[in-house]
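Just so you know, all these numbers are worked out from the coordinates, no wet-lab data involved. Predicted model only: the values in this text are computed from it and were never measured. For neighbour counting, all protein chains shown are included, and Cβ atoms are generated from backbone atoms with ideal geometry for every residue, glycine included.
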Ligand code: KIV
Ligand code: ZN
């Protein structure tokens, strides 16, 4: 497909959260109805546009969870200032039973969406669809979309493994899906194979192909660590919806991370020209809740929500941020609902941060006491990864009372 950048429209990018569906597919995660509802409520407060609550045909629990979310979070806005509740979506294969189950689950929501999918790449067709031909796949997709449209006027279609699908066939099935009534066309990078440059060009072509009435969405997996970059590139080429999961959880290396995409849009609006409607101050709480209920820890250096995302250890960095946080921070911890910048004292820290920390703890040492305490701090820091406030207290007590 040829490359041509579509200029940003300025409209907010719609955030489709799939923590409760694709996120839950991560190995070892199983959320019950109550836990799903708790996360969905937080997603509501966060202000995501669409919540994919589950895949109702797969279990009674998933059906019940999506229905409960539709009845509550899908019935009234929870996000401050929002005038609409989020759309509640459910996943279905292009099978009549799946679609009916999804329709019944999202039925109670003010806005329900059925998300139908089937595989289009050669390998997926061979393995998952008994070697179905392109014609057969198109026919099944059209039938599924038309059936879903009997229940709702909000139908999303995903050609699974789109990025390994033949270009011409992808165009053909996208055209057929729109013709059959899909209102959102989602392009999944199911195995995280895409590279931003190519993916952006593909999305630009699809955006032009389907026209402004049809939403173009992307769903990027993170196998090469490129899910966020691919999603942002898609937005630059006119995608109007991005599918994400809190903390980037999901199959294998996970899905595109909600917090990273949202903060990239917010922080680099100067270049991207579009934001999302997400209340960023709710991000920290969402991240902690998802981590607790899934049992998936957040890596220390995870962008935006990791323990170290706003922590500074080296002397030069500490000296910089103590004077002006912008020296080494591009967003503030408070903006994403985390505690403010942290100065972590360790072997790379300097006198400046050391003295500032003692002052904050209420100590008023003489220059000589500070000098001696700093020397002892450096000795200790060589043996210990992090020097805590308790260590400092002991160290100062030794210093002040020893003389
Ligand atoms: O990764 C994928 O292709 C999916 C689809 C069901 C959208 O999760
Ligand atoms: Zn997926």
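Compared with the alpha-carbon gap, the fully stretched path from residue 38 to residue 252 is longer by 74.6 nm at 0.36 nm per residue. The C-alpha atoms of the chain define a longest principal axis, and helix 196-210 lies at about 40 degrees to it.
In this structure, residue 394 and residue 371 have a Cβ-Cβ separation that, at R0 = 25 Å, corresponds to a calculated FRET efficiency of about 0.90.
When both bridge partners sit in the chain, DSSP labels roughly 5% of those beta bridges antiparallel. Relative contact order of the chain, taken over Cα pairs closer than 8 Å and 6 or more residues apart, is 15 percent. Sort the range 251-357 into rounded, prolate or oblate with this rule: let a ≥ b ≥ c be the square roots of the eigenvalues of the Cα gyration tensor; rounded if a/c is under 1.5, and if a/c is not under 1.5, prolate when a/b is larger than b/c, oblate otherwise. It is oblate, given that a/c is not under 1.5 and a/b is not larger than b/c. Among 313, 359, the order by Cβ neighbours within 10 angstrom, fewest to most, reads 359, 313.
Given R₀ = 35 Å, what would the calculated FRET efficiency be for residue 75 paired with residue 268, taking r from the Cβ atoms and rounding to 0.05? List each step's numbers first, then the result.
Numbers: r = 35 Å, r/R0 = 0.99.
After rounding, the FRET efficiency stands at 0.50.
Mind checking the angle between helix 367-383 and the chain's longest principal axis? C-alpha axes, 0 to 90 degrees, to the nearest 10. On a 0 to 90 degree scale, this one is about 50.
Let's test the formula: R0 of 56 Å, r as the Cβ-Cβ distance of residue 326 and residue 153. What FRET efficiency results, to the nearest 0.05? Write out the running numbers ahead of the final one.
Numbers: r = 47 Å, r/R0 = 0.83.
Using R0 = 56 Å, I get an efficiency of 0.75.
Principal-axis analysis of the Cα atoms of the chain puts helix 60-71 at an angle of about 80° to the longest axis.
Fewest-first ordering of 100, 371 by other beta carbons within 10 Å of each residue's beta carbon gives 371, 100.
Note on the chain: GNM, Cα springs under 10 Å; of 57, 137, 316, the largest mean-square fluctuation is that of 316.
Stretching residue 95 away from residue 380 to a fully extended chain increases their span by 96.1 nm, per 0.36 nm per residue minus the current alpha-carbon distance. Here the spin labels are modelled as points 7 Å beyond Cα on the Cα-Cβ line, and at residue 334 and residue 83 they lie 3.0 nm apart.
What shape does the range 298-403 have by the C-alpha gyration tensor, where a ≥ b ≥ c are the square roots of the eigenvalues, rounded means a/c under 1.5, and otherwise prolate means a/b greater than b/c and oblate the rest? Verdict is prolate for the range 298-403.
Among 246, 138, the order by Cβ neighbours within 10 angstrom, fewest to most, reads 138, 246. Note on the chain: with a GNM built from Cα contacts shorter than 10 Å, the maximum mean-square fluctuation among 42, 357, 110 falls on 357. Highest mobility in the GNM of the chain, judged by mean-square fluctuation with C-alpha springs under 10 Å and restricted to 60, 323, 146, is found for 323.
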